[in-house]
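Worksheet for the structure shown next.
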Amino acid sequence: MIRHSLVILSLALVYAASGVALGGECLVRGTGDLGVIVERAAGSVVVVDTTHHKILSRIKGLGDLSHASVVYSRDARYAYLFGRDGGLSKVDLLCGTVVKRIVQGGNSIGGAISQDGTLVAVSNYEPGGVKLFSAESLAEVADIPATPIGNSRRSKTVGLVDAPDQRFVFSLFDSGEIWIADLSNPQSPAIRKFRDVGRQPYDGLITPDGRYYIAGLFGEDGVVLLDLWHPEHGPRRILDHYGKGERKLPVYKMPHLEGWAIAGERAFLPAVGYHEVLVVDTREWKAVGSIPVHGQPVFVMARPDGRQIWVNFAFPDNDTIQVIDTESLNIVKTIKTGKGTLHMEFAPRGGEIWISVRDQDRVKVYDTRSMQQLASLPVAKPSGIFFTVRAHKTGL
């Protein structure tokens, strides 16, 4: 009997070490080095192990992922996917399965998860507004229609982020407003509204410390900043010349604000329509310089330690990555990654960066010190890359 028990224990340890649960298909392992990569055209995602550079599972049937984003549960076991078709999906990274999927709206544009991890918020174009769901069951908890004051027609909502103190912040595209929703009592959300912030705020971000909410304007040049420590001061305009300027560009050329990098006391952001990365002093929120680059930048991402900025570019220059040293502001490396180079994601402590190369159906992994390629994974038309480290960061 003792010998039999030892055999069973040995088998259990072997399965656990390999990441396979004894008697089942779910993995038995931690989730801190896992991630999800969106296969945009197929409506699926792959779950990846970032330590061993391998694909663990493929999860299908997730709808229209043409503008998909992902947030994570606090334990980093579950990923919540927001699809363009209004789909909200909860997937289990360890089992490689869809726990539940609902279609909660007609046209969605991202989401967020609350500070305590109990609420998932979805930002909708149609119907305009934000809906809140239980992170556990995906049951609807609250509906915040984006109805501007004095207007019965709902506005598209954009730039939804989570903020400290169980709040969400988002912008109203059609009416030029920013709203703060306090969900301390989910049954009765407390909404604070700021009107006339500028024409057509099209996207938003929150600084890594959770203090400042920043909305970009599509209808005019400039950016709006709201101090969430002192919302009573109201939004203020910064970077008045940031935007399309004289070169009126189509929507798909406008960089998302998630493409901004904040490193120390400086922000690095893509210049709209120009082959430059702008440098901004975040103490005064004023532009202090610019860096000429290979093409029109889309994503400008800071390595977690803030020492490097990795930049990718819009078509037709989307086969290249450039690396900027934040101390000297010089370009220290240009890498030809391949056509359709899109999203990037740093490993949790910054030793690697994963890059989706859509036209090659590959995700390539680079060492950020040597800047040499380490691995290449087959992923069908990859777009967004989302690692579980996001579970513990504000605004991600």
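The values are calculated or read from the model by the stated rules, or taken from the named source; none is laboratory data. Note that the structure is predicted; figures quoted are calculated from it, not measured. Don't worry about glycine lacking a Cβ; one is built from the backbone with ideal geometry, like all the others, and counts go over all protein chains shown.
Descriptive notes on the structure:
- Strands (runs of 3 or more DSSP E) enclosed by the stretch 321-365 - at least 2 residues per element that are modelled with pLDDT under 95 and of a type in the set (S, T, N, Q): none
- The stretch 128-143 residues that are in contact (Cβ under 8 Å) with a residue 24 or more places away in the chain, paired with ones that are of a type in the set (Gly, Ala, Ser) and in a strand (DSSP E or B) (beta carbon under 6 Å, 6 or more apart): VAL130/ALA121; VAL130/SER123; LEU132/ALA121; LEU132/ALA142; VAL141/SER134
- Test result for GLN373, farther than 19 Å from SER69 by Cβ and surrounded by 20 or more Cβ atoms within 10 Å (Cβ to Cβ): no
- Matching entry among PHE313, PHE299 (being within 17 Å of the chain's Cα centre (by Cα), under 20 Å from VAL279 (Cα atoms) and surrounded by 18 or more Cβ atoms within 10 Å (Cβ to Cβ)): PHE299
- Scanning the stretch 57-80 for residues that are under 25 Å from VAL158 (Cβ atoms) and among the acidic types (Asp, Glu) yields a single hit, ASP64.
- Subset of the stretch 331-361 that is in contact (Cβ under 8 Å) with a residue 24 or more places away in the chain and touching a helix residue (DSSP H, G or I) at 6+ places or on another chain (Cβ under 6 Å) - its residue that is farthest from THR388 (Cα to Cα): GLY338
- Among residues of the stretch 367-396 that are in a helix (DSSP H, G or I), those with a beta-carbon under 7 Å from a residue that is at pLDDT 95 or above and surrounded by fewer than 16 Cβ atoms within 10 Å (Cβ to Cβ) at least six positions away or on a different chain give the pairs THR388/GLY32; ALA391/ARG74.
- Residue in the stretch 46-66 that is in a strand (DSSP E or B), charged (D, E, K, R), under 22 Å from LEU27 (Cβ atoms) and without any contact (Cβ under 8 Å) to a residue 40 or more places away in the chain present: yes
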